[in-house]
Amino acid sequence: MKVLVPVKRVIDYNVKVRVKADGSGVDLANVKMSMNPFDEIAVEEAIRLKEKGAAEEVVVVSIGVKQAQETLRTALAMGADRAILVVAADDVHQDIEPLAVAKILKAVIDEEQPGLVLAGKQAIDNDMNATGQMLSALLGWSQATFASKLEIEGDSASVTREVDGGLQTIKVKMPCVVTVDLRLNEPRYASLPNIMKAKKKPLDEKTAADLGVDVTPRLTVVKTTEPEGRKAGIKVESVDELIKKLKDEAGVI
Amino acid sequence: MNEQIEQEQMILDSVDKFLRTDVDPYVHDLEAKDEYPAEIVEKMKEMGLFGCIISEDYGGLGLSTQTYAKIIERISRSWMSVSGIINSHLIMASAVQRAGTQAQKSEYLPRFATGELRGGIGLTEPDAGTDLQAIRTVAVKDGEDYVVNGTKTWITNSMYGNTIALLVKTDPKAEPRHRGMSLLIAEKGPGFNVARKLEKLGYRGIDTCELEFKDYRVPADRLIGGVEGRGLQQILSGLELGRINVAARGVGVARAALDMAVAYAQQRKTFGKPIGEHQAIQLMLGEMATRTEAARLLTDNAARAYDAGERCDMEAGMAKYFATEAAVTNAMDSMRVHGGYGYSREFDIERLYRDAPLLTIGEGTNELQRIIIAKQIMERNPA
C-alpha cells in the first residue's frame with residue numbers, strides 16, 4: 001500500500017505571530033516557517049506504517065509557494081520516500097484555500113492511487129479543519145477525522161477518534177482519508193545523516209495549472225485582529241459564591 | 001534559498017528538536033547528581049553528531065566548521081557538558097583525518113563517525129598543561145609494539161569512551177623537544193588504567209579523569225602518520241578546531257544566560273512594574289546581548305577562516321578569548337538580574353556560573369590566547 005501525506009508550510013509554532021498594520025493578514029516577512037505540527041504527526045504515522053510493513057511507500061505532497069520544498073525535504077529526512085511539490089502561488093502571503101487544496105490533492109491522488117491519505121486535522125495558521133473532509137467528498141472515499149489511534153486491518157482501517165466527551169472507535173473501508181489529532185504519536189526528529197540522504201530523494205515539481213485547478217480565492221478576508229489580552233481573574237469568598245457565579249454569570253452549570 | 005543554507009537550517013532545526021526533547025528535560029537532575037548522560041550519548045550517536053565533521057568519504061557528514069560551531073552553540077546553550085562529549089572526540093578524529101596514513105583513515109574514521117569508537121585526546125599531565133613539550137609519558141618501541149608508561153590528567157571522555165589520541169615521547173632526549181613527540185591511537189587494553197574521576201566545580205556529568213599507563217602496549221601501526229616526531233604539530237594543528245569549539249561553547253553559555261535574563265526581566269516585578277523596565281536592568285541586558293552577538297560573530301569568522309584553509313590561530317584565539325569571557329560575565333550578570341533566585345539551585349543560572357570559568361582555562365588559557373593574538377598581530381604587521 002502507498003500512503004500519501006499532504007504537508008503544509010506554516011509559521012513555526014514557536015513564533016509570536018504579528019498582525020500586519022493594514023489588517024489584511026499576518027506578517028510573514030523574515031518569519032521562521034516549519035511543517036504544520038499536525039502534518040508532522042501524519043508523516044510520522046505513515047513512516048511507522050511502513051516500518052511495521054503495513055505500507056510500502058510514503059509520498060508527501062505540498063501545495064503553495066516554491067519554498068514549500070523545504071517542508072518536503074524535512075518530511076523526506078524524517079523517512080518519506082518521495083515528494084511532490086505543486087506550485088500554486090508566488091507570494092508567500094497568498095493562502096490556498098481548502099477547496100482548491102482538496103481539488104489539487106484529488107488530481108494528484110488520481111495519478112498516484114494511494115491506499116490511504118493521512119492528513120493533519122488542520123493547519124495551525126488558519127485553523128480551517130476542512131481539507132481532509134472536502135478531499136474525501138471529492139474522492140468519494142470514507143473518512144475518519146481526529147484520529148488518536150490507527151490500525152490497518154486488511155481492507156479496512158480501525159480509527160479511534162477524539163470526540164467531545166471521549167473517544168469513539170470506527171471502522172472505515174479502504175481507501176480512505178484519515179485526519180490525525182495531537183495524541184496519535186510523538187513525531188521523530190530527523191537525524192543528520194538522514195537529512196543528508198534526503199537531498200538525494202526524488203522531489204517532483206508541478207503547478208496547479210498542470211493539474212487543471214483554479215486556485216482563485218473564494219473567501220474574502222474582512223479583517224485580521226490580534227486576540228484580546230488575558231484579563232485578570234477575580235477572587236471569590238466561598239464555594240457558594242463560586243457556584244452562583246458559574247450559574248448566573250458564566251452560565252456553564 | 002540556496003541549497004546549503006537550507007540544509008544548514010534543517011540540521012540546526014533537528015538539533016534544536018533533539019535538545020528540546022532528549023536533553024533539556026534531564027539536564028538539571030543529571031548535573032545535580034554528576035551523572036554521566038549515557039542515554040543522551042546514545043541519541044547523539046543516532047543523530048550522527050560523532051561524525052559531523054568527518055569526511056563523507058569515511059562515513060561522516062562532512063559539515064563545515066561554521067555549521068559545526070552553530071551546532072555546538074546550541075548544545076552548550078542547553079548543557080555545556082554535552083558539547084565536551086564531541087569536542088575532543090572530533091579533535092582526535094581530525095588528527096587522523098589530516099595526518100593519518102590511508103590505512104588508519106580507513107580503519108578508524110568510519111568507526112569514529114558512528115561513535116563505535118569514542119573518546120578524546122590525552123595531552124595534559126600533572127606537571128605539563130600549557131607547556132606540552134614537558135610531558136613525561138614515554139613510548140618505547142618493542143618489536144611490533146610501543147610500550148607506554150606515564151600519567152595523564154584532565155582527560156575528557158576517558159572513563160566511558162574507549163579510544164584516545166595519546167601524546168607521548170618516543171624520544172625523550174630529542175632537541176628541540178617536540179621532535180621526540182608522537183601521537184598514538186590508543187584503544188583501551190591491559191595497562192591502560194583509569195585511575196580516578198576528577199571532582200569539578202562545574203562541567204559535571206562528563207567524565208574527566210586521571211589515566212595511568214603501565215607497560216601498556218600499542219601496535220606500532222597506530223602511530224598517527226607512521227613517522228615519529230610529528231605528534232606535537234599534529235595535535236597543535238587540531239587545537240584551532242578545539243578553540244573554535246570552545247568559543248562556540250562560550251557563545252552558547254552567554255546566550256543561555258542572556259535568554260534567561262530576558263525572560264525573567266519581563267516576568268519579575270518590583271515597584272509595580274517588570275524589572276526589565278528599570279534602567280539598571282536594561283543596561284545589563286544591553287551589554288549582555290551585545291557581548292553575545294560580538295562573540296558569535298568572532299566565532300563565525302574564525303570558523304569561516306578555518307574552513308577556507310586560511311591561517312586562523314589569531315582569529316580562533318580572539319573568538320575563544322572573547323566568547324569565553326562573555327560567558328563568564330553574562331553568567332554573573334544574569335545572576336544579578338535574577339537576584340536571590342539566581343543563587344538558588346532551583347534555577348539554572350548557578351550552573352552557568354559554575355560552568356563558564358572552565359572555558360577561560362581549558363583549550364589554551366585566555367592568558368595564552370592574548371599572547372598568541374599579540375604575537376600574530378605584530379607578525380602580520382611588521383614595523
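The values are calculated or read from the model by the stated rules, or taken from the named source; none is laboratory data. No experiment lies behind these values; they were computed from the predicted model shown. Here Cβ is always computed from backbone atoms with ideal geometry, including for glycine, and neighbour counts include all displayed protein chains.
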Would you mention how many residues in segment B:47-81 are away from chain A (no Cβ under 11 Å) and either in contact with a strand residue (DSSP E or B) (Cβ under 8 Å, 6 or more places away or on another chain) or free of Cβ contacts under 8 Å to residues at least 24 places away in the same chain (or both)? 1
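Residue-wise test of (1) touching a residue at least 40 places away in the same chain (Cβ under 8 Å); (2) in the same structural domain as residue B:89 (by TED's automatic domain parsing); (3) touching a Phe, Trp or Tyr at 6+ places or on another chain (Cβ under 6 Å); (4) over 18 Å from residue B:373 (Cα atoms).
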{"position": "B:242", "(1), (2), (3), (4)": "yes, no, no, no"}
{"position": "B:264", "(1), (2), (3), (4)": "yes, no, no, yes"}
{"position": "B:270", "(1), (2), (3), (4)": "no, no, no, yes"}
{"position": "B:278", "(1), (2), (3), (4)": "no, no, no, yes"}
{"position": "B:284", "(1), (2), (3), (4)": "yes, no, no, yes"}
{"position": "B:287", "(1), (2), (3), (4)": "yes, no, no, yes"}
{"position": "B:291", "(1), (2), (3), (4)": "no, no, no, yes"}
{"position": "B:297", "(1), (2), (3), (4)": "no, no, no, no"}
Quick one: would you say residue B:377 is under 24 Å from the mean Cα position of the chain (by Cα), surrounded by fewer than 18 Cβ atoms within 10 Å (Cβ to Cβ) and either over 12 Å from residue B:320 (Cβ atoms) or in the same structural domain as residue B:313 (by TED's automatic domain parsing) (or both)? no
Exactly one of (1) facing chain A (nearest Cβ under 9 Å); (2) closer than 28 Å to residue B:108 by Cα is unmet by residue B:3. Its number? (2)
I'd like to check something: does segment B:96-108 contain any residue that is within 19 Å of the chain's Cα centre (by Cα), away from every other protein chain (no Cβ under 13 Å) and surrounded by fewer than 23 Cβ atoms within 10 Å (Cβ to Cβ)? yes
Among the candidates A:75, A:123, A:157, A:119, which residue alone is modelled with pLDDT of 95 or more and closer than 20 Å to residue A:31 by Cβ? A:123
Residue B:295 vs. criteria surrounded by fewer than 20 Cβ atoms within 10 Å (Cβ to Cβ) and over 24 Å from residue B:28 (Cβ atoms): no
Of all residues in segment A:134-162 being part of a helix (DSSP H, G or I) and hydrophobic (A, V, I, L, M, F, W, C), the one that is surrounded by the fewest Cβ atoms within 10 Å (Cβ to Cβ): A:137
Which condition number in (1) crowded, with 18+ Cβ neighbours inside 10 Å; (2) under 23 Å from residue B:40 (Cα atoms) is the one that residue B:185 fails? (2)
Is it the case, given these coordinates, that residue B:84 is outside any helix (DSSP H, G or I) and either within 14 Å of chain A (Cβ to nearest Cβ) or touching a Phe, Trp or Tyr at 6+ places or on another chain (Cβ under 9 Å) (or both)? no
All but one of (1) modelled with pLDDT of 95 or more; (2) surrounded by 14 or more Cβ atoms within 10 Å (Cβ to Cβ); (3) among the hydrophobic types (A, V, I, L, M, F, W, C) hold for residue B:312, so report the exception by its number. (1)
Selection from segment B:181-198 of residues assigned to a strand (DSSP E or B) and of a type in the set (Gly, Ala, Ser) yields B:182, B:186, B:195
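Condition check ((1) of a type in the set (A, V, I, L, M, F, W, C); (2) crowded, with 17+ Cβ neighbours inside 10 Å; (3) closer than 20 Å to residue B:252 by Cβ) across all residues:
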site	(1), (2), (3)
B:275	yes, yes, no
B:278	no, no, no
B:285	yes, yes, yes
B:321	no, yes, yes
B:333	no, yes, yes
Could you please find all residues in segment B:9-38 being facing chain A (nearest Cβ under 10 Å) and among the acidic types (Asp, Glu)? B:13, B:16, B:22
Scan segment B:316-329 and give yes if some residue there is closer than 24 Å to residue B:70 by Cβ, outside any helix (DSSP H, G or I) and either at pLDDT below 95 or out of contact with any helix residue (DSSP H, G or I) (no Cβ under 6 Å at 6 or more places or on another chain) (or both), otherwise no. no
Would you point out which residue out of A:53, A:64 is at positive phi and surrounded by 15 or more Cβ atoms within 10 Å (Cβ to Cβ)? A:64
Give me the residue from segment B:42-68 that is closer than 19 Å to residue B:121 by Cβ and among the small types (Gly, Ala, Ser) and, out of that set, nearest to the chain's Cα centre (by Cα). B:51
Identify all residues within segment B:358-374 that are closer than 14 Å to residue B:239 by Cβ, part of a helix (DSSP H, G or I) and within 18 Å of the chain's Cα centre (by Cα); write none if there are none. B:368, B:369
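Considering B:235, B:185, B:224, which residue is within 21 Å of residue B:146 (Cβ to Cβ), touching a helix residue (DSSP H, G or I) at 6+ places or on another chain (Cβ under 8 Å) and modelled with pLDDT under 90?
After ruling out the rest, the residue left standing is B:235.
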Counting only helices (runs of 4 or more DSSP H) wholly inside segment A:1-119, the ones holding at least 3 residues that are touching a Leu at 6+ places or on another chain (Cβ under 8 Å) and more than 28 Å from residue A:173 (Cβ to Cβ) are A:68-78
